[in-house]
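Trainee: Would you mind keeping the following structure in view while I ask a few things?
The values are calculated or read from the model by the stated rules, or taken from the named source; none is laboratory data. Remember, it's a predicted structure, so these values are computed and weren't measured experimentally. Neighbour counts run over all protein chains shown; Cβ positions are idealised from the backbone, glycine included.
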Amino acid sequence: MTAQLIDGNALAHKIRAEVAHRTAALKARGVQPALSVILVGDDPASDVYTRHKVKDSTETGLAATLERYPATMTQADLLARIRTLNADAAVHGILVQLPLPRHMDTHKVIETISPAKDVDGFHIASAGALLVGQPGFWPCTPFGCMKMLESIGCELRGKHAVVIGRSNIVGKPMALMLLQKNATVTICHSATADLGAITRQADVIVAAVGKRNVLTADMVKPGAVVIDVGMNRNDQGKLCGDVDFEGVRQVAGWITPVPGGVGPMTRAMLLVNTLEAAERVT
């Protein structure tokens, strides 16, 4: 058996087309959906990510601005800028690129963003809405993973889903989203004993720990769906995920590649959240 690929690039392209169509409909009514992206510091990866996010937005008709500030910016100044954007009715989504400089309190910065404009889905109000099943913004990466599962017709009801990782950004919200679809969910992490014994029971595995080869072929049940959220570099410097791709693809039924899997979907779901933020206030 060789796993079928879940093509994140192709699915993201389809979602961007849908966003463009809905955006055009809003603009025809005189509403311009708008996203403000804030980058503090000069982290090279963050610079690339933010430029891609703005490019994706403008290509689908969203108005997007990238505000760059030096790493020496004070937290007070950043919070003041966020509050100004909160009050600006022309701005529908606010994204502060992480990580922030060490002198800033990431939690306080995120909590300053209005929940109505929290298109990253990181605010505690967004997390609470997800927990209790109320409308809110889902974090973009696990949201994208759910869309990928949906795209292959993966019926989650009654299936055993294993999430490797317990971060607030991916692992925990991923587990809650799977639970909402009536999957039986197990969360594994660095203190889990005998990870393989658990993953071999899984119909769906989401690997999201940022560690190469955390999931190998002997840890996967034949035919399982494997979603690789990891972003790492191998010994040759090439981008890779958390999954031993070449080995696992010989066992799994479906698998996401890295690159070209979850990454494009994360960016696509940011567009969806921004558009929905605009739709909710019109």
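Trainee: Output the residues belonging to segment 104-119 that are in contact with a Ser or Thr (Cβ under 8 Å, 6 or more places away or on another chain) and part of a loop (DSSP other than H, G, I, E, B). Quick ask: steps written out before the conclusion?
Mentor: Within segment 104-119, the first condition is being in contact with a Ser or Thr (Cβ under 8 Å, 6 or more places away or on another chain), and the residues that meet it are 115, 118-119.
Within segment 104-119, D118, V119 qualify.
Trainee: Do the conditions hold for T141, that is, is it closer than 30 Å to H92 by Cα and out of contact with any His (no Cβ under 9 Å at 6 or more places or on another chain)? Give the steps one after another, and end with the answer.
Mentor: On the way: closer than 30 Å to H92 by Cα: yes; out of contact with any His (no Cβ under 9 Å at 6 or more places or on another chain): yes.
Answer is yes for this residue.
Trainee: OK, next. So is P257 touching a residue at least 60 places away in the same chain (Cβ under 8 Å), closer than 30 Å to A20 by Cβ and either outside any helix (DSSP H, G or I) or out of contact with any Cys (no Cβ under 9 Å at 6 or more places or on another chain) (or both) or not?
Mentor: yes
Trainee: Let me ask another. Given the condition free of Cβ contacts under 8 Å to residues at least 60 places away in the same chain, out of contact with any Lys or Arg (no Cβ under 9 Å at 6 or more places or on another chain) and closer than 25 Å to K53 by Cβ, answer yes or no: does some residue in segment 267-276 qualify? Step through it out loud before you land on a result.
Mentor: First pass over segment 267-276, keeping only residues free of Cβ contacts under 8 Å to residues at least 60 places away in the same chain: none.
No: segment 267-276 contains no residue that is free of Cβ contacts under 8 Å to residues at least 60 places away in the same chain, out of contact with any Lys or Arg (no Cβ under 9 Å at 6 or more places or on another chain) and closer than 25 Å to K53 by Cβ.
Trainee: Does segment 56-89 hold any residues that are closer than 25 Å to R280 by Cα and polar (S, T, N, Q), and which are they?
Mentor: S57, T58, T60, T65, T84, N86
Trainee: Have a look at N213, N273, N232 and point out the one that is under 22 Å from the mean Cα position of the chain (by Cα), surrounded by 16 or more Cβ atoms within 10 Å (Cβ to Cβ) and on the phi > 0 side of the Ramachandran plot. Spell out the reasoning first.
Mentor: Values: N273 fails: on the phi > 0 side of the Ramachandran plot; N232 fails: on the phi > 0 side of the Ramachandran plot.
Step by step, each of N213, N273, N232 is checked, and only N213 is under 22 Å from the mean Cα position of the chain (by Cα), surrounded by 16 or more Cβ atoms within 10 Å (Cβ to Cβ) and on the phi > 0 side of the Ramachandran plot.
Trainee: Something else about it: Restricting segment 113-142 to residues that are polar (S, T, N, Q) and surrounded by fewer than 19 Cβ atoms within 10 Å (Cβ to Cβ), which is modelled with the highest pLDDT?
Mentor: Taking segment 113-142 as the starting set, the residues that turn out to be polar (S, T, N, Q) are 114, 126, 134, 141.
Imposing the further condition that a residue be surrounded by fewer than 19 Cβ atoms within 10 Å (Cβ to Cβ) reduces the set to 114, 134.
Details: S114: 98, Q134: 93.
It comes out as S114.
Trainee: Exactly one condition in (1) in a helix (DSSP H, G or I); (2) touching a strand residue (DSSP E or B) at 6+ places or on another chain (Cβ under 6 Å); (3) within 16 Å of G144 (Cα to Cα); (4) aliphatic (A, V, I, L, M) is false for L275; which is it?
Mentor: Failed condition: (2).
Trainee: If you don't mind, another one. Of all residues in segment 197-210, which are modelled with pLDDT of 95 or more and surrounded by fewer than 21 Cβ atoms within 10 Å (Cβ to Cβ)?
Mentor: From segment 197-210, those modelled with pLDDT of 95 or more are 197-209; that's our starting set.
Residues satisfying the conditions are A197, I198, R200, Q201, D203.
Trainee: I'm trying to understand the selection: among the residues of segment 235-254, which are surrounded by fewer than 19 Cβ atoms within 10 Å (Cβ to Cβ), in a helix (DSSP H, G or I) and either among the aromatic types (F, W, Y) or out of contact with any helix residue (DSSP H, G or I) (no Cβ under 6 Å at 6 or more places or on another chain) (or both)?
Mentor: E246
Trainee: Are any residues in segment 32-49 modelled with pLDDT under 95 and either of a type in the set (S, T, N, Q) or under 19 Å from G121 (Cα atoms) (or both), and if so, which ones?
Mentor: Those that are modelled with pLDDT under 95 and either of a type in the set (S, T, N, Q) or under 19 Å from G121 (Cα atoms) (or both): S46, Y49.
Trainee: Please return the ranges of strands (runs of 3 or more DSSP E) entirely within segment 126-228 where 1 or more residues are touching a strand residue (DSSP E or B) at 6+ places or on another chain (Cβ under 7 Å) and closer than 21 Å to L270 by Cα. If you could, list the steps in order and put the result at the bottom.
Mentor: Numbers: elements: 160-164, 184-188, 204-207, 225-228.
The strands (runs of 3 or more DSSP E) meeting that bar are 204-207, 225-228.
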